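Enquirer: Please see the structure below; I have some questions.
The values are calculated or read from the model by the stated rules, or taken from the named source; none is laboratory data. Bear in mind that the values here come from a model prediction, so they are computed numbers and not experimental data. Note that each Cβ is placed from the backbone with ideal geometry, even for glycine, and that neighbours are counted across all protein chains shown.
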């Protein structure tokens, strides 16, 4: 196993629900973790930013964008493009990746959550598995069969 990727976990989610709603639910469960959310562009980042501040009437999910001053206490950061240079990535554990982002390579965080709006395709999944099998410790795939209900796809 390539030691650069040792102990890394990749979770691939084929989603039917709205990505913003999935992120809100997932990030509520990850409040104690330091999380980066990679988005496609400024428009998608601003849309998710607004959603996370205003979606729930009785609360909000504290977060920042990479354009703001970041502090050690900041646990959730939205970014897009190649803006990781402006973020001290080593302070983060998890990266969530929008279905609108095309991944060219994985950066070195403990966990990745990759989302796809496409229908599950066994050949594409097998191709992803073969590319990552010697590079990551754990690879899991989930398909959403009903709103926020997931089925694990076996490798």
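Enquirer: Are there any pairs, at least 6 apart or on different chains, whose C-beta atoms fall under 8 Å, with the first in the stretch 74-101 and on the phi > 0 side of the Ramachandran plot and modelled with pLDDT under 90 and the second surrounded by fewer than 16 Cβ atoms within 10 Å (Cβ to Cβ) and not in a helix (DSSP H, G or I), and if so, which?
Expert: Partner pairs satisfying both residue conditions: 81/41.
Enquirer: Now for a separate question. Given the criteria surrounded by 12 or more Cβ atoms within 10 Å (Cβ to Cβ) and either over 18 Å from the mean Cα position of the chain (by Cα) or at positive phi (or both), does residue 147 qualify? Give the steps one after another, and end with the answer.
Expert: Details: surrounded by 12 or more Cβ atoms within 10 Å (Cβ to Cβ): no; either over 18 Å from the mean Cα position of the chain (by Cα) or at positive phi (or both): yes.
Spelling it out, it is not the case that residue 147 is surrounded by 12 or more Cβ atoms within 10 Å (Cβ to Cβ) and either over 18 Å from the mean Cα position of the chain (by Cα) or at positive phi (or both).
Enquirer: Consider the stretch 130-144. How many of its residues are assigned to a helix (DSSP H, G or I) and more than 18 Å from the chain's Cα centre (by Cα)? Spell out the reasoning first.
Expert: Step one: filter the stretch 130-144 for residues assigned to a helix (DSSP H, G or I), giving 130-132.
Checking which are more than 18 Å from the chain's Cα centre (by Cα) leaves us with 130-131.
Residues in the stretch 130-144 being assigned to a helix (DSSP H, G or I) and more than 18 Å from the chain's Cα centre (by Cα): 2 in total.
Enquirer: Looking at the stretch 43-61, I want the residues that are under 12 Å from residue 21 (Cα atoms) and have a partner that is part of a loop (DSSP other than H, G, I, E, B) with Cβ atoms under 6 Å, at least 6 apart or on another chain. Which pairs are those?
Expert: 52/61; 52/63
Enquirer: Which one of 78, 24 is under 23 Å from residue 148 (Cβ atoms) and buried (at least 18 other Cβ atoms within 10 Å of the Cβ)?
Expert: Numbers: 24 fails: buried (at least 18 other Cβ atoms within 10 Å of the Cβ).
Step by step, each of 78, 24 is checked, and only 78 is under 23 Å from residue 148 (Cβ atoms) and buried (at least 18 other Cβ atoms within 10 Å of the Cβ).
Enquirer: Within 30 Å of residue 154 (Cβ to Cβ) and in contact with a strand residue (DSSP E or B) (Cβ under 7 Å, 6 or more places away or on another chain), is that true of residue 12? I'd like the intermediate steps shown before the answer.
Expert: Values: within 30 Å of residue 154 (Cβ to Cβ): yes; in contact with a strand residue (DSSP E or B) (Cβ under 7 Å, 6 or more places away or on another chain): yes.
In short, yes.
Enquirer: Give me the residue from the stretch 48-63 that is in a loop (DSSP other than H, G, I, E, B) and at pLDDT 80 or above and, out of that set, farthest from the chain's Cα centre (by Cα). Spell out the reasoning first.
Expert: Let us first name the residues in the stretch 48-63 that are in a loop (DSSP other than H, G, I, E, B), namely 55-63.
Right, trim to at pLDDT 80 or above and you get 55, 61-63.
Details: 55: 19, 61: 16, 62: 17, 63: 15 Å.
So the residue we want is 55.
Enquirer: Another one. Can you tell me which residue in the stretch 10-21 is nearest to the chain's Cα centre (by Cα), limited to those that are surrounded by fewer than 19 Cβ atoms within 10 Å (Cβ to Cβ) and not in a helix (DSSP H, G or I)?
Expert: To start, the set of residues in the stretch 10-21 that are surrounded by fewer than 19 Cβ atoms within 10 Å (Cβ to Cβ) comprises 11, 15-18, 20-21.
Of the ones still in play, those that are also not in a helix (DSSP H, G or I) are 11, 15-18.
Details: 11: 9, 15: 13, 16: 16, 17: 15, 18: 14 Å.
For the stretch 10-21, the residue satisfying everything is 11.
Enquirer: Being touching a strand residue (DSSP E or B) at 6+ places or on another chain (Cβ under 9 Å) and exposed (fewer than 11 other Cβ atoms within 10 Å of the Cβ): is that true of residue 122 here? Walk me through how you get there before you give the answer.
Expert: Working: touching a strand residue (DSSP E or B) at 6+ places or on another chain (Cβ under 9 Å): yes; exposed (fewer than 11 other Cβ atoms within 10 Å of the Cβ): yes.
Criteria met by residue 122.
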